[in-house]
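For reference, the structure discussed in these notes is given below.
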Amino acid sequence: QRCVVLRFLKSPPNQNKTSEEILHHLQNIVDFGKHVMKQFFGENYVHHGEIIQLPLDFVRQLCLKIQPERPESRCDKDMDTLSGYAMCLPNLTRLQTYRFVEHRPILCIEIKPKCGFIPFSSHVSQEIKHKVCRYCMHQHLKVANGKWKRPSKYCPLDLFSGNKQRMHFALKSLLQEAQNNLKIFKNGELIYGCKDDQDCVSDWNELARHLKPFFFPSNGLVSGPHCTRTIVKELIHVITMTLLSSTDACRAGDMKTVPVSQGRSYCEASAFNKELVRNGKHKLESSGLPRGCLLYKTLQAQMLDMLDIEGLYPLYSRVEQYLEEFPEERSTLQIDGPYNEAFYEKLLDLSTEDDGTVAFALTKVQQYRIAMTAKDCSIMIALSPCLQDECSEQRPVVLTSKSRFSFSVSVLDLDLKPYDSIPHQYKLDGKIVNYYLKNVQAKDDPVMSSLFKENEDCTLVLHKV
């Protein structure tokens, strides 16, 4: 009735925390959103929520009710039913910008854009990391490990390019292979997105049936495969326009290019890029993103990872060594919070000159954790059809060929990545790169493949000398 979401902490069985610890943990999440992520993303995009206390009986009943609905892969953790504390947040599958007309249908698209730049750090040891983005490399390892059945053609650098053609290609690829990176809700109900059974064969016709009333309100005219294609095209157009919009001024501002890693604004493994090369074009246009839009802000936060995990790991070890000697300093260094204005201020030091101090190392570690959070956040785009006369100046609106929508864009999944996860990130990075070099690049090496292309049946002739 109030259109809010309750969020509870989960933890592995037999790891029960006290009510005080749970309250403290939730308070940290709220403070981090309020004092840190709001500064990076802006007031309009971040909803930090508030902590509430609920009757334990209600929480236990709720837990029993939702248990059968939880995907199997998530059941290794139990919902906290002992403290009664929860976070109360707005339901982001609804419009956030104004008091919505409740009877209007609402469409919501959730996108996990992932990391939108290629490492530019001199600490990178493998040249491939300067050419192929982390997401495209990781796809191959995930398929090999059986997480997905086939690699996605989505490349985050295409989405973050600001070039409409590349953005359309990226969004179409996400719709074809949603994996865990795209979901679509209608009136709060999930209608499209990857289920846990790993089979994401997308049923576009079913999706088009849901979407048709939004994009082509009058009946007749549209049916058959052409209709499905047209509807998906309209959807992609709307998502692109809302992602490029700035809800500070409600329309895309001056086009400013994000300082992309030393001129490389594309990934060599991107299917879009390969297509261009195949057609004899080698120049990839990157239009840059409008400064006020959420993608621009997300990318700026991601680029706080200035040293790459390879440059960061030794600094993490320096902080660890210091904590071994002086464990009592952990709270002074604000490693586990509080996430207040003072914590945010320290993040603004963008120098990369290492002076050998623990303070420098810690700043870079905290910046890396923010960057990791921004690389894993979700963007929620809520759309609701509006009539010509309703669309006032104050409300952001996006037009399609047959309809117009009020929209709001929000960002969620903004919990700070744990300090202790850095060694895992370092190992995973090595695994991803080594797997790619061994199993993918070796096959794709242009020199080798062109040698074999002329004549697959090669004979080596030895002359007696």
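The values are calculated or read from the model by the stated rules, or taken from the named source; none is laboratory data. Predicted model only: the values in this text are computed from it and were never measured. Here the Cβ positions follow ideal geometry from the backbone for every residue, glycine too, while neighbour counts run over all protein chains shown. Remember, those area values only see protein heavy atoms, side chains included, never the ligands or the DNA or RNA. Shrake-Rupley method; radii C 1.70, N 1.55, O 1.52, S 1.80 Å.
Within the option set Y435, Y368, being open to solvent by 30 Å² or more (accessible area, probe 1.4 Å), touching a residue at least 24 places away in the same chain (Cβ under 8 Å) and over 20 Å from H24 (Cα atoms) holds for one residue only, Y435. Tell me, yes or no, whether segment 443-453 has at least one residue that is open to solvent by 50 Å² or more (accessible area, probe 1.4 Å), within 27 Å of N91 (Cα to Cα) and either at pLDDT below 75 or not assigned by the TED database to the domain that holds K112 (or both). Among the residues of segment 443-453, not one is open to solvent by 50 Å² or more (accessible area, probe 1.4 Å), within 27 Å of N91 (Cα to Cα) and either at pLDDT below 75 or not assigned by the TED database to the domain that holds K112 (or both), which makes the answer no.
Report yes if I29 is among the aliphatic types (A, V, I, L, M) and surrounded by fewer than 16 Cβ atoms within 10 Å (Cβ to Cβ), otherwise no. Full working, then the answer.
Working: among the aliphatic types (A, V, I, L, M): yes; surrounded by fewer than 16 Cβ atoms within 10 Å (Cβ to Cβ): no.
Taking the combined requirement at face value, the residue does not satisfy it.
C115: open to solvent by less than 30 Å² (accessible area, probe 1.4 Å), in a loop (DSSP other than H, G, I, E, B) and either farther than 17 Å from V4 by Cα or not assigned by the TED database to the domain that holds D376 (or both), yes or no? So C115 passes the test.
Looking across segment 188-205 at every residue that is more than 28 Å from H140 (Cα to Cα) and modelled with pLDDT of 85 or more, the one that is surrounded by the fewest Cβ atoms within 10 Å (Cβ to Cβ) is identified as E189. Just one residue in the set I109, I52 is touching a strand residue (DSSP E or B) at 6+ places or on another chain (Cβ under 7 Å) and either loosely packed, with under 12 Cβ neighbours inside 10 Å or assigned by the TED database to the domain that holds K212 (or both); that residue is I109.
Look through F185, F169 and report the one residue that is in contact with an Asp or Glu (Cβ under 8 Å, 6 or more places away or on another chain), closer than 25 Å to R74 by Cβ and either open to solvent by 50 Å² or more (accessible area, probe 1.4 Å) or at pLDDT 90 or above (or both).
On the way: F169 fails: closer than 25 Å to R74 by Cβ.
When all the criteria are applied, what remains is F185.
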